[in-house]
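Quick one: this structure, given as structure tokens, is what I'll be asking you about.
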Amino acid sequence: MLILTKLKYGNTNTYLINSLLFDTDMFGTIAAFYKCLKHNNIQLHDIKYVLCSHYHPDHMGLVSELMKEGIKLLLLENQKDCIHFSDMIFGKQFGDKYTPINEKEAVIISAQESRSFLRNLGINGQIITTSSHSKDGIALILDDGQCFVGDLEPVEFIEGYENNDALKCDWENIRKLEPAIIYYGHANEKIGKDF
């Protein structure tokens, strides 16, 4: 049975899907994260893996802290070169309070391997690459129609973006998997077939 919990403790929507945490918020929100877990009756040890939609500061800020607590980082191959994107930003803002992610401890899989990996977590679905917002972008699409896209621009904004061919391609790949509900990183969920 799939258990989905939306965790809102900062500016970014994060989701716990069984034992997989999808996205985190900024560095410095760990206390709010723990409070949110408690409010939702979730124990830290209930989280086995963290997967980020991309490595911008507001989606990966807690990863290194969570890894220190024993949570494993799940990386797609297209994300390997981007996990230190935010190091300089956090370093300037927080100094040595911020510890960069140790990528040597990450579990790295390909998009093709994602379905079997997720199945071991009780999740039926797959991870696909979505590079229009960020070259390391990914989306998690479940067989029951739930789709987690991070900062992928909503389909209705396609014409307003210069890279609209890439955005169109991302949405075409998502549509092929017949999503029923889209979970965004910063907007409310969108239900229906208009995406």
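The values are calculated or read from the model by the stated rules, or taken from the named source; none is laboratory data. On a predicted model such as this, the values are computed, not experimentally measured, just so you know. With ideal geometry, Cβ positions are generated from the backbone for all residues, glycine too; neighbour counts draw on all protein chains shown. For the accessible areas, the whole protein counts, side chains as well, though only heavy atoms, and no ligand, DNA or RNA atoms are used. Shrake-Rupley method; radii C 1.70, N 1.55, O 1.52, S 1.80 Å.
Among the residues of region 120-141, is there at least one that is of a type in the set (D, E, K, R), farther than 20 Å from residue 13 by Cα and without any contact (Cβ under 8 Å) to a residue 40 or more places away in the chain?
No - not one qualifying residue is present in region 120-141.
Of the residues in region 142-173, how many are in contact (Cβ under 8 Å) with a residue 24 or more places away in the chain, farther than 18 Å from residue 52 by Cβ and not aromatic (Phe, Trp, Tyr)?
Adding up the residues that qualify gives 10.
Name the strands (runs of 3 or more DSSP E) wholly within region 109-184 that hold at least 1 residues that are at pLDDT 95 or above and in contact with a helix residue (DSSP H, G or I) (Cβ under 7 Å, 6 or more places away or on another chain)?
125-129, 138-142, 146-150
So, one more: When residue 88 is evaluated against the numbered criteria (1) touching a strand residue (DSSP E or B) at 6+ places or on another chain (Cβ under 6 Å); (2) over 30 Å from residue 143 (Cα atoms), which criterion, by number, is the only one it fails?
(1)
Take region 8-42 and flag every residue that is of a type outside the set (D, E, K, R), free of Cβ contacts under 8 Å to residues at least 40 places away in the same chain and farther than 24 Å from residue 87 by Cα.
16, 36, 37, 39, 40, 41, 42
Within region 104-114, work out how many residues are surrounded by 15 or more Cβ atoms within 10 Å (Cβ to Cβ) and not small (Gly, Ala, Ser).
Here the count works out to 1.
May I pose another question? Could you check region 1-99 for helices (runs of 4 or more DSSP H) lying wholly inside it with 3 or more residues that are open to solvent by 60 Å² or more (accessible area, probe 1.4 Å)?
Ranges flagged: 30-39, 87-94.
Here's something else I'd like to know. What's the number of the only condition in (1) more than 20 Å from residue 55 (Cβ to Cβ); (2) of a type in the set (Ser, Thr, Tyr); (3) buried (at least 20 other Cβ atoms within 10 Å of the Cβ) that residue 183 fails to meet?
Exception for residue 183: condition (1).
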